[in-house]
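Report on the following structure.
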Amino acid sequence: MDSRKFLFPSLLCSLFLLVFPGAYNAHLLKTCEFEAIYKLGDSISDTGNLIQEDPASVFGRLPYGQNFYSNATGRCSNGLLMIDFIAKSAGIPLLNAYLNASSSKTHGVNFAVAGSTALPVEFLAENRVIAPVTNTSLSIQLFWMATHFNSTCHNSKDCIEKHKKSLFMVGEIGGNDYNYALFQGKTIDELKSMVPNVVNAIKDAVKRVVGFGANRVVVPGNFPIGCMPIYLTGFHTNDSNTYDELHCLKGLNNFSMYHNELLQQAIKELQEEHRTVTIVYGDYYNAYKWVLQKAALLGECLNAVNSERYY
C-alpha cells in the first residue's frame, strides 16, 4: 500500500500548525519520528543565512527578533518562523543556518536565504528582473546541501540510511521571482510566462534532494499574494470588482492558483517517478485563506498605510 496515504495527514496537520499553532497538539509531528529537517527556501524560513552574507542587513537588528529572547537572529520576524513551529512539533531543536559555521548541524540544516529566488539571478536579469537582496538562488542552496552531505555521508548509500528519519522541505520558494517581477513593472501575463520555469526549478530541486537520499519531502505552494498587505497597498484600486469577499485582489490570487496548479502537477509527476519516496504538496494558499476567514477569532494584525487598514 502507498505509504504516502499514511504520512500525508501528519504532514498536513503540521502545515496547519504553522499558521494557527493553537489548533493542534504540540506533539503531533512527533508521531513521524523525524530526527532531522533540511530546509530550502527564502525569507519565510531563513534563520540566519542572509545576515551571514550581509551583516548589515536590517534582519540582524531589533525589532526583528524582539520576541525571540530579544535576539535578532536573522529571522524576518519579531519571533518564531513557520519552520520553527515544525521543528518544535517534531521535537527537535530549532534549525541553524548553514552559513553559521559554529552552530550544530546534527538535527538538520536550514539552507533558506531571505530574498532568494527559484530561478538563478542571472536568468532573471536576462529577462529584466533584478534580484536586489541576494544572489543566492535555489541552485546555490542545493550546492550548499550537496557540500554538507559530502562532508557528513561516507557515500550515497550512507546518506540514504542517515535520511530515513529526515524531513526535507523544498520551499516555499519562487515567490520572490514573482515579487521582484511585479514590483519592477511586469504584467500578470508576463508573470505567467515565468511559472513553467519556476516550477521546473522546484521540480529539479526535489529530484536533487531525492538523489541525496530524501524519502519524505514536502513541497509548499505559493500564498494568496492578493491578500497580502504589500500587494493590497502597492496595487490598490477603487474598482470594487477587483476584490473578492475577503478584500483580496482576485487577479493576483488567480495567478497564485495558476502557479500552485502547475506545481501540483509537477508533484504528481515526481510521485510517479519516485514511488518509494513520499512527496506531498504543502497547501499554504488555503491555510493562509483560513487565517483570514477566522480573523475575528484569531485577532487582528494591523498594517496601516495611507489610511488603509489591512488585517
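The values are calculated or read from the model by the stated rules, or taken from the named source; none is laboratory data. Just so you know, these numbers come straight off a predicted model, no measurement behind them. Note that each Cβ is placed from the backbone with ideal geometry, even for glycine, and that neighbours are counted across all protein chains shown.
Here are the numbers for this structure:
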{"quantity": "Test: residue in the stretch 219-238 that is out of contact with any helix residue (DSSP H, G or I) (no Cβ under 7 Å at 6 or more places or on another chain), of a type in the set (Phe, Trp, Tyr), assigned to a helix (DSSP H, G or I) and more than 28 Å from residue 150 (Cβ to Cβ)", "calculated": "no"}
{"quantity": "Residue that is nearest to the chain's Cα centre (by Cα) [pool: residues in the stretch 258-296 that are of a type in the set (D, E, K, R) and closer than 24 Å to residue 82 by Cα]", "calculated": "283"}
{"quantity": "From the options 168, 123, residue that is surrounded by fewer than 21 Cβ atoms within 10 Å (Cβ to Cβ) and of a type outside the set (D, E, K, R)", "calculated": "123"}
{"quantity": "Qualifying residue in the stretch 159-177 (condition: without any contact (Cβ under 8 Å) to a residue 40 or more places away in the chain, in a loop (DSSP other than H, G, I, E, B) and closer than 26 Å to residue 277 by Cβ)", "calculated": "no"}
{"quantity": "Residue selected from the stretch 106-120 under the condition touching a strand residue (DSSP E or B) at 6+ places or on another chain (Cβ under 9 Å) and part of a loop (DSSP other than H, G, I, E, B), by the criterion surrounded by the fewest Cβ atoms within 10 Å (Cβ to Cβ)", "calculated": "106"}
{"quantity": "Answer from 140, 92 - the residue that is within 22 Å of residue 59 (Cβ to Cβ) and aliphatic (A, V, I, L, M)", "calculated": "140"}
{"quantity": "Residue check for residue 89: in contact with a helix residue (DSSP H, G or I) (Cβ under 7 Å, 6 or more places away or on another chain), crowded, with 20+ Cβ neighbours inside 10 Å, in a loop (DSSP other than H, G, I, E, B) and hydroxyl-bearing (Ser, Thr, Tyr)", "calculated": "no"}
{"quantity": "Considering residues of the stretch 35-81 that are surrounded by fewer than 18 Cβ atoms within 10 Å (Cβ to Cβ), polar (S, T, N, Q) and in a loop (DSSP other than H, G, I, E, B) only, the residue modelled with the lowest pLDDT", "calculated": "70"}
{"quantity": "Complete set of residues in the stretch 88-100 that are out of contact with any His (no Cβ under 6 Å at 6 or more places or on another chain) and at pLDDT 95 or above", "calculated": "94, 95, 96, 97, 98, 99, 100"}
{"quantity": "Single unsatisfied condition, residue 246 versus (1) touching a Leu at 6+ places or on another chain (Cβ under 6 Å); (2) within 25 Å of residue 112 (Cβ to Cβ)", "calculated": "(2)"}
{"quantity": "Number of the exception - residue 151 against (1) farther than 23 Å from residue 263 by Cβ; (2) touching a residue at least 24 places away in the same chain (Cβ under 8 Å)", "calculated": "(2)"}
{"quantity": "Matching residues, the stretch 78-117, being closer than 22 Å to residue 152 by Cα and charged (D, E, K, R)", "calculated": "105"}
{"quantity": "Residue satisfying all of: in the stretch 279-311; surrounded by 11 or more Cβ atoms within 10 Å (Cβ to Cβ) and part of a loop (DSSP other than H, G, I, E, B); modelled with the lowest pLDDT among these", "calculated": "311"}
